Each structure stands twice: as C-alpha cells, then as structure tokens.
Amino acid sequence: MFFLIITPGIGVLTTAGIGSSFGAGPGIRFLIGLNIGTNAAAILVVSGIAAIVLADPIVGPVLLYGSLLYLSYLAFRIGWAGARIAFVERRSAPGVLGGIGLQLINPKSYAVNTTLFSGFHFMPGDPVLEVVVKFAILNTLWVPVHLIWLWAGISLKRLDLSPATQSVINKLMALALMIVVVLAGWPRQQIG
C-alpha cells in the first residue's frame, strides 16, 4: 500500500506542480479536494458501485487496461521529459473542486482503493471495523505523503538543478509509477 500511495500519479504530480507554480496556500486547497476525492473513490469501491461497473465483461477490462495504459503513458512522459521536472503547469491554481474532480477520474485512485479494500483482509469477524481501520490507514498514509509532494514542488522551484539531475529525478518518478502499473495489473488469485 505504501508504494501505491507514494508513487507519482497524476494527483501527486499535479500537487507538486501547484506547489511549484502557486505556493502553499493554493496547494493546500487543492490537497483538501484531492483528499475528499480519494475518500469518495474509496466509498465507491467499498459500496460496490465501482465493482458493479468493473464487473461488466466489456467495461471492466476496458477501464482496467485503459488505466494501466494511462499510467504507463504517464510514466513514459515523466521519464522522458528531458531536463525539465515533469510537473503540470497552469495559469491559475485549481481549488478544492479541481482536486475532487481529479481524484474521481484518476485511475490510480481506484487501483489503490480496490487493492486496499478488496485485499489484505485482517478482521474477518468484523468487516465493518476493518473498513473503518482501512480508511484510517489510507488517510494516515495519504495526508503526509501528499504534503511531502507539495513541499517538494515548492522546494524544487527554489533549487537550480542541473539538467542531468532533473533527468534522473524524472526517471526515478517514472520507475516508481511503473511499480504501480505492475502492482495494479498483477493477477489476483480468487479465494473461495
């Protein structure tokens, strides 16, 4: 779960980009929206709504492989961005609603939540408490990790990094994202 949450998906890269372009205040507002969106996506997963959509024999695989292709494309774009840190720049900072919207369409958000809530069962006698504990775990990891990415964006703008260093950073972010692609696409065994 740690690797799924910390790897550079579109949410953290946008967060770092907002920190780099607009500073801490707009970054925090965006993070509030991202967190609401992450928890909303988790509710869609836990409630089964996401499962109903993904169980469709056509829609499910299209969304799964579309998400994996999107994440692979994102990794490629990051890794081969050259000497630029591959953050997304905009004219104005997206606010809370922008963060919510991004997470609701973010395939990584669903991959993380599906992995967390459908696997790693540790309280078979009390599944409701298990879900509550998993929400606590998700947010306990999610909040500081995203604050670190925001701080990284703010800090990187202040640094005068060499093109070679920027390229290495991009390649490491791309590698981390490919770990997510592999984990999300790894075949799961059916229990039962």
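The values are calculated or read from the model by the stated rules, or taken from the named source; none is laboratory data. All figures in this text were calculated on a predicted structure; none of them were measured in a lab. Using ideal geometry, Cβ is built from the backbone for each residue, glycine included, and neighbour counts are taken over all protein chains shown. Heavy atoms of the whole protein, side chains included, go into the accessibility calculation; ligands, DNA and RNA do not. Shrake-Rupley method; radii C 1.70, N 1.55, O 1.52, S 1.80 Å.
For every residue, the table says whether it meets (1) touching a residue at least 40 places away in the same chain (Cβ under 8 Å); (2) among the β-branched types (Val, Ile, Thr).
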{"site": "126", "(1), (2)": "no, no"}
{"site": "136", "(1), (2)": "no, no"}
{"site": "142", "(1), (2)": "yes, no"}
{"site": "148", "(1), (2)": "no, yes"}
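Of the residues making up the stretch 154-192, those that are modelled with pLDDT under 75, over 19 Å from residue 17 (Cβ atoms) and in a loop (DSSP other than H, G, I, E, B) are 186, 187, 188, 189, 190, 191, 192. Of all the residues in the stretch 16-30, those that are open to solvent by less than 10 Å² (accessible area, probe 1.4 Å) and closer than 12 Å to residue 96 by Cα number 2. Beta carbons closer than 7 Å, at least 6 apart along the sequence or on distinct chains, pair a first residue in the stretch 155-167 that is in contact (Cβ under 8 Å) with a residue 12 or more places away in the chain with a second that is among the aliphatic types (A, V, I, L, M) and open to solvent by less than 50 Å² (accessible area, probe 1.4 Å) for 156/85; 163/83; 166/83; 166/85; 167/83.
Are there any helices (runs of 4 or more DSSP H) wholly within the stretch 34-151 with 3 or more residues that are of a type in the set (Val, Ile, Thr), open to solvent by 40 Å² or more (accessible area, probe 1.4 Å) and modelled with pLDDT of 85 or more, and if so which? So that I can check it myself, show each step before the final result.
Values: elements: 49-55, 59-79, 96-105, 107-118.
Answer list for the stretch 34-151: none.
Close Cβ contacts (under 7 Å, 6 or more residues apart or on different chains) running from residues in the stretch 53-69 that are more than 11 Å from residue 110 (Cα to Cα) to residues that are in a helix (DSSP H, G or I) and open to solvent by 70 Å² or more (accessible area, probe 1.4 Å) comprise 60/54.
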